[in-house]
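After the C-alpha cells below, expect a handful of questions from me.
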Amino acid sequence: MEAQQCAEDNGVYAFLETSAKTGKNVHEAFISAARGILARNPGLKNGESIPSGIGASQLSSGPSDMRKLCC
C-alpha cells in the first residue's frame, strides 16, 4: 500500500485504513492515536499538564447535526 509505505517512511506511529462512510476502523484509529500519545507522554496518565505545543479541546458526546447538511 502506498499510504502505509508513506507512514513508515515518515515515522508515523501506526497506519490503519479507515472509512468515514462506513465507520470502519474509525474508533480503532482514535484508540491507537490515544495510546501513541500516552506512550510518548507517560506523565499524562498521572494527571500532569499537556506538554507545550499540544492543543486540547472539549468534544461533545451528543448527536451532531452535521448529517442534516450532507447530501
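Read the figures in this text as sums done on the coordinates, not as results from a lab. Keep in mind it's a predicted model, so treat the numbers as computed, not measured. Quick reminder, even Gly has a Cβ in these numbers, built from the backbone with ideal geometry, and neighbours come from all protein chains shown.
Excluding A3 itself, calculate the net charge of residues whose Cβ lies under 14 Å from the Cβ of A3, where each Lys or Arg counts +1 and each Asp or Glu counts -1.
-4
If you take the beta carbon distance between N46 and A14 as r and set R0 to 30 Å, what does 1/(1 + (r/R0)^6) give as a FRET efficiency, to the nearest 0.05?
In this case the efficiency is close to 0.80.
How large is Rg over Rh for segment 2-50, taking Rg from the Cα atoms and Rh as the Kirkwood inverse mean of 1/r across Cα pairs?
1.08
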